[in-house]
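Each value in this text was obtained by applying a stated rule to the coordinates, not by laboratory testing. Here the structure is a predicted model, which means the values were calculated and not measured. Glycine gets a Cβ as well: all are built from the backbone with ideal geometry, and neighbour counts include every protein chain shown.
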Amino acid sequence: MEKLLGLLILVVYNCLQTSARPQSRQPEQVHLSLGVKPSQMVVTWLTQDDVNATVMVEYGTQLGQYQYQALGQTTVFVDGGAGQTVRYIHRAKMVVAPGQRYFYHVGSNAGWSNMFYFNTLPAGTNISYKVCIFGDLGIVNGVSFGRLQRDAQRGAFDLVIHVGDFAYDLSAENGTWGDQFMRQIEPIAAYVPYMVVAGNHEETYNYSNYVNLFTMPNSSDNQYYSFDMGPVHFVALSTEYYGFFYKYGLTPVFNQFKWLNDDLAKANQNRDNVPWILTYMHRPLYCSNENSEECMGLDNDLIRNGVPGVPGLEDTFNTHAIDFGFWGHEHSYERMWPVYNRNVYNQSADPYHNAPAPIYVVTGSAGCYSLHAGFDQDPAPWSAVRALDYGYSILTVYNYTHLYLQQISDDKNGAVIDSLWITKDRNHYYNAVYRNSLRSVHIPKPKRSENHVFMDDSNEIH
């Protein structure tokens, strides 16, 4: 009887294993990202096993008819966890035309994905579109997932920017949390390009899960890059080079800084065609959350101003007259007045018209297991609007002179809890002379503990 029971258990086990294995060659975690050129759309997907076949994307503009093929490339990724789990990452580049809807699927003779679709923007630079921006989205308490998935497939936005901290964490449990997260974003990212920057929660194993799972333009490690989309030049940056400099050294800080100055210099030469410049990264330069060391501490000062011999970012942002900056890290929403060097420019009748300094937004409230960050009782002088609702930001790019920001609340069933027009005259870009002609409020630097050190506290969940 015991032998029969043992045989039955073995048969059941083998059946379960056999039924699971064919699925491991099936494409999953399908997601889009922008290519180096406007005529390119990149699709990335994963299989748990080697497919031993040519991988590709088949795509076309007619439903169910794939007119084109693009062969893919495969990277073998070994997770850094104890299990040393092997995954196979596949990437293919589609050549696309403006103003079209494309239908596509990915895979090989070993298995194909479902059919997905995406839209390309019209040609030209003076065009309108919507960008969905958020950070700090986890598997547990990922409040915004449902609305984001639904709205992506409804065409409510044309681009997603995730400003760091994924899954909590992509590397957890031998990367299986990353698998689950990437499956959850597929109903968003298979339909809309999903652009990313790293947060502090991606640092494990030298960012290897983050680097391997995503594909960003002009970047081998997805840490910094830029692209143009209509009238906006987007610049993605890593604040984690500053946050973890004690572990990886300062060379990444210097390399990024040199690239940033070169990139923004080129962007300013093209401002007749692409007048807006928007940056996005993970950690904030300014905020007013109750954990003040995150908002006004030495770590923020390092990113903002640097230290002797180490460049910060704020002066460069202002030298090149960036318009907008988005951050996460704090699990809240906060919109700032135009601010530079702790000078707040909110004394005019319309501070957001021809703003003399960048406008910054913290949008880290998409939902994760550490709940909300909380705010100081009194807003900082640079703070215009604050909210603890779960949600995300929508930036509507209208044209060369008008942007429109909305904050969507999941707590309030998709209601808009903040909105703002950002406008500027054609060919207006601020400089020091213009800024100095306006009244401002200066906020002195806070007193700091002598014992504070530049270290990322791994016990804090941001």
- prompt: Suppose every K and R has +1 on its Cβ and every D and E has -1 on its Cβ; what is the size of the dipole of segment 124-442 about the Cα centre, in Debye to the nearest 20?
  reply: 880 debye
message: I need the phi-derived Karplus couplings for segment 79-86: 6.51 cos²θ - 1.76 cosθ + 1.60, θ = phi - 60°, integer Hz, Gly and Pro marked x.
response: 4, x, x, 4, x, 6, 5, 9
query: Quick one: putting +1 on the C-beta of Lys and Arg, -1 on the C-beta of Asp and Glu, what dipole do you get for segment 25-118 around its Cα centre, in Debye to the nearest 20?
result: 300 debye
- prompt: Counting only residues 5 or more places away or on other chains, whose amide H sits under 5 Å from the amide H of I422 once H atoms are built in the peptide plane?
  reply: L403, Y404, L405
- line: From the Cα centre of segment 258-332 to that of segment 70-103, the distance in Å is 30 Å
- line: With a ≥ b ≥ c from the Cα gyration tensor eigenvalues, square-rooted, and the rule rounded for a/c under 1.5, otherwise prolate when a/b > b/c and oblate otherwise, segment 124-442 is rounded
- prompt: Would you list H353, H329 from fewest to most Cβ contacts within 10 Å?
  reply: H353, H329
message: For Cα pairs less than 8 Å apart in space and 6+ apart in sequence, what is the mean separation divided by the residue count of the chain, i.e. the relative contact order in percent?
response: 14 percent
field: Options P38, A110, G81, ranked by Cα towards positive dipole end of segment 25-118, top entry (Cβ charges)
entry: P38
Sorted by Cβ density within 10 Å, fewest first, the residues T215, T396: T396, T215
- request: Find the relative contact order for segment 25-118 and round it to a whole percent, using C-alpha pairs within less than 8 Å whose residues are 6+ positions apart.
  value: 33 percent
field: For segment 134-238: rounded, prolate or oblate by the Cα gyration tensor [a/c cutoff 1.5]
entry: oblate
field: Considering only the chain, percent of DSSP beta bridges that pair antiparallel, nearest 5
entry: 75 percent
query: For segment 51-157, rounded, prolate or oblate, judged on the Cα gyration tensor with a ≥ b ≥ c (square roots of eigenvalues), a/c < 1.5 rounded, else prolate if a/b > b/c?
result: oblate
- prompt: Under the Karplus relation 6.51 cos²θ - 1.76 cosθ + 1.60, θ = phi - 60°, what is the ordered set of whole-Hz ³J(HN,Hα) values for segment 315-322, x standing for Gly and Pro?
  reply: 4, 5, 4, 7, 4, 9, 6, 5
Relative contact order, percent, segment 295-432 [alpha-carbon distance under 8 Å, six or more residues apart]: 22 percent
- request: Could you tell me what percent of the DSSP beta bridges with both partners in segment 278-423 are antiparallel, to the nearest 5?
  value: 75 percent
Cα lying deepest toward the dipole's positive end in the chain, options A198, H442, L278, charges on Cβ: L278
statement: Phi-derived 3J(HN,Hα) across segment 305-311 with the Karplus relation (6.51, -1.76, 1.60, θ = phi - 60°), rounded Hz, x for Gly and Pro, is 10, x, 9, x, x, 10, x
